[in-house]
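Dropping the structure in here first, questions after.
Rule-based calculations on the coordinates, nothing more; no lab input. Treat the numbers as computed from the prediction; the structure is a model and nothing was measured. Cβ coordinates were reconstructed from backbone atoms using ideal geometry, including for glycine residues, and neighbour counts include every protein chain displayed.
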Amino acid sequence: MSSRSVQVGIIGLGTVGTGVVKILQSRAKGIAHQLGAPIQIAGIAVRDPKKARAIEVPAGILTDDPMELVRRPEVEIVLEVMGGTEQARQYVLEALRHKKHVVTANKALIALHGQEVFDAAAANGVGVYLEASVAGGIPIIKALHEGLAANRIERIYGILNGTCNYILTQMSQQGASYQEALAEAQRLGYAEADPTFDVDGLDTAHKIAILSSLAYGAPISIDQIYVEGIRRIQLEDIRYAETLGYTLKLLAISELRGSALSVRVHPALIPSTSVLANVQGAFNAVAVVGDAVGPTLFYGQGAGQMPTASAVVADLLEAARTVLSGRPAEIPLCWDRRKAVAMPVLPMEETETRYYLRMQVEDRPGVLAEVATILGRYRISLAAVIQKEPTCAESVPVVMLTHRAQERNLQAALREIDALECTRQPTVCIRLEADV
Ligand code: NAP
Ligand code: HSE
């Protein structure tokens, strides 16, 4: 056992910060044994030090001044678990400038400012550790960096947002309303401070931007990614999909297409028999396909206090080992200006996939023929059609599944279909990913 301890400053004592302190308190002996030195919490910065906390912390340890905390000479590692981008960015950069290693759970910070953060880390000879930023407790970043390092990654896809998966599971299994399920996800601590990040797909986009950057050694920015969330999903479509043998999930997909990448986030129907379809609640699953290893799948809790804290503390131990050994920290290839490559990202219109379409059309002869003629003109072939008995006298829902089609063609066809006199509502369109 080393005669010294490793001193840590924590910014944030909310859902994740509380979990981190719980682990550091309950496993203090085991961690000291593993590391060869104890971890000591030098200070915890919060917005309001007077607020009641779910755990006991030593008197005088809370501060409302994160900047002072990250500058303290004794602090060697800073854990940023406060969230948000602008203030978190300033504290993280200041910590790096003061040669502190940084551990962060903040995917928005890394997705938006990864280059700046790693430039500062490289300039100051310290590391930034971000396992908790993607898929909560699943060690997917270490898997990409270490276990799968021999591979050229061909495809990454999966469920990366616990809140959305929780909402969709509750809607499908309990018939819960979207609003009820979201409120429960917030109560359970899965959702971001601003839950629109979750339900509008942005949180998933941050995560797939980070995974794509790490996997392909090229910085992928958030504005290169097509993003569509789950806000407009209706129970009716979940039920039709189930009848047809599909389950609805919010998917992130990043795949090599020649020398370019296709990266997108959107709701998707997937076969109900697939493993991903059976990932429920706040669980996440990430599939990684490598040229040597073939398909692999990583599964676990993607949000919540203790799973996320598990990843933060694992990173803390890695940073502490770096501190104790004095060896230099590594900069990921994608944010290493000497090694990163550039990789174009294809526009969404060039994506090819299958589609679920639900139209509300007039119930009279010739209507299906009008719709089919338009689809045919855009080379969109139908795989299945369901028409239920009319629920109201004058219009009827028609559900179609297409074979593979190009996004550009599909959107053009929908514009024409929605302009037909027989169409009563804008067509609901959900992509169908059969190959998962
Ligand atoms: P949270 O529950 O809202 O907690 C945020 C904490 O940061 C609170 O303790 C708050 O202080 C403190 N804080 C916020 N702004 C501050 C400021 N300007 N100065 C000082 N302290 C400040 O958030 P969380 O759910 O733990 O999430 C934290 C981070 O982890 C986010 O980046 C999030 O994306 C990420 N993450 C969360 C999860 C999850 O399941 N929750 C999973 C993976 C990653 P007060 O307590 O005084 O208000
Ligand atoms: N809000 C995120 C989610 C937390 O629901 O997955 C984990 O990153």
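Would you calculate the separation in nanometres between label points at residue 278 and residue 321, each defined as 7 Å from the Cα along the Cα-to-beta-carbon direction?
For residue 278 paired with residue 321, the spin-label model returns 3.4 nm.
If the chain between residue 403 and residue 183 were fully stretched, how many nm would it gain, using 0.36 nm times the residue separation less the Cα-Cα distance?
Going from the current span to full extension adds 75.5 nm.
Tell me the volume per residue, in Å³, of the convex hull enclosing the alpha carbons of the range 40-123.
Taking the convex hull of the Cα positions in the range 40-123, it is 95 Å³ per residue.
Less than 14 Å Cβ to Cβ from residue 46, Lys/Arg counted +1 and Asp/Glu -1: what total charge do the surrounding residues give?
Combined, the nearby Lys, Arg, Asp and Glu give -1.
Tell me, what is the percent relative contact order of the range 138-255, built from C-alpha pairs under 8 Å that lie six or more residues apart?
Dividing the mean separation by the residue count of the range 138-255 yields 37 percent.
Name the residues whose placed amide hydrogens come within less than 5 Å of the amide hydrogen of residue 404, ignoring near sequence neighbours (fewer than 5 apart) on the same chain.
none
Along the positive direction of the dipole of the chain (beta-carbon charges: Lys, Arg +1; Asp, Glu -1; about the Cα centre), which of 247, 423, 16 reaches farthest?
Going by the Cα projections, it comes out as 16.
Run down the lysines and flag those whose C-alpha is under 27 Å from the C-alpha of residue 22, throwing out any fewer than 8 positions away in its chain.
Filter leaves 50, 51, 99, 100, 107, 142, 207.
So how far apart, in nm, are the two label points at residue 174 and residue 434 if each is 7 Å from Cα heading toward Cβ?
3.5
Continuing with this model, one more query. Can you pull out the GluC sites (Glu not before Pro) in the range 19-77 whose DSSP state is coil and whose Cβ has at most 12 other Cβ atoms within 10 Å?
Details: sites: 56, 68, 74, 76; in loops: 56, 74, 76.
For GluC sites (Glu not before Pro) across the range 19-77 that sit outside H, G, I, E and B with at most 12 neighbouring Cβ atoms in 10 Å, the list reads 56, 74.
Order the peptides 353-360, 426-433, 326-333 from the highest to the lowest mean number of other Cβ atoms within 10 Å of their residues.
On the way: 353-360: 21.2, 426-433: 18.2, 326-333: 14.2.
Result, highest mean Cβ count within 10 Å first: 353-360, 426-433, 326-333.
Mean residue ellipticity at 222 nm from the helices of the chain, using -39,500 (n - 2.57) per DSSP H segment of n ≥ 4 over the full residue count, to the nearest 500 deg cm²/dmol?
My calculation for the chain gives -10500 deg cm²/dmol from helical runs alone.
Please express the Cα-Cα pair-distance distribution P(r) of the chain as a list of whole percents, one per 10 Å bin, running from 0 to the bin with the greatest distance.
Spelled out bin by bin, the chain gives 4, 20, 28, 22, 13, 7, 4, 1, 0 percent.
Of 338, 155, 27, which is the most mobile in a GNM of the chain whose springs link Cα atoms less than 10 angstrom apart?
Taking springs between Cα atoms under 10 Å, the residue moving most is 338.
Compute, for the chain, the length of the dipole vector about the Cα centre, with Cβ point charges of +1 (Lys, Arg) and -1 (Asp, Glu) only. Units Debye, rounded to 20.
Here the size comes out at about 1120 debye.
Let me spell out the model: positive unit charges on the Cβ of Lys and Arg, negative unit charges on the Cβ of Asp and Glu, origin at the Cα centre of the range 299-436. What dipole size does that give, in debye rounded to 20?
Its charge dipole is roughly 500 debye.
Next up: Once the Cβ-Cβ distance between residue 370 and residue 349 is put in as r, and R0 is 22 Å, what FRET efficiency do you end up with, to the nearest 0.05?
E(calc), rounded to 0.05, equals 0.35.
Could you work out how much longer the chain between residue 222 and residue 194 gets when fully extended? Use 0.36 nm per residue separation minus the Cα distance between them, nm to one decimal.
8.3 nm
Provide the gained length on full extension for the span residue 116 to residue 90, in nm with one decimal, where the gain is 0.36 nm per separating residue minus the Cα-Cα distance. Display every interim value, and only then the final one.
Working: separation 26, 0.36 × 26 = 9.36 nm, distance 1.09 nm.
Computed gain between residue 116 and residue 90 is 8.3 nm.
Mind checking the range 381-431 for GluC sites (Glu not before Pro) that DSSP puts in a loop (not H, G, I, E or B) and that have at most 14 other Cβ atoms within 10 Å?
Within the range 381-431, the qualifying GluC sites (Glu not before Pro) (loop, at most 14 other Cβ atoms within 10 Å) are 394, 421.
Hey, another quick one. Determine which residues of the range 237-256 fall in the zone a paramagnetic label at residue 389 would reach in this model, i.e. backbone nitrogen under 11 Å from the point 7 Å along Cα→Cβ.
In the range 237-256, the label zone of residue 389 (backbone N under 11 Å from the point 7 Å along Cα→Cβ) covers no residue.
Search the structure for amide H atoms under 5 Å from the amide H of residue 45, placed 1.01 Å from N in the peptide plane, and list their residues when 5 or more places away or on another chain.
10, 11, 12, 63
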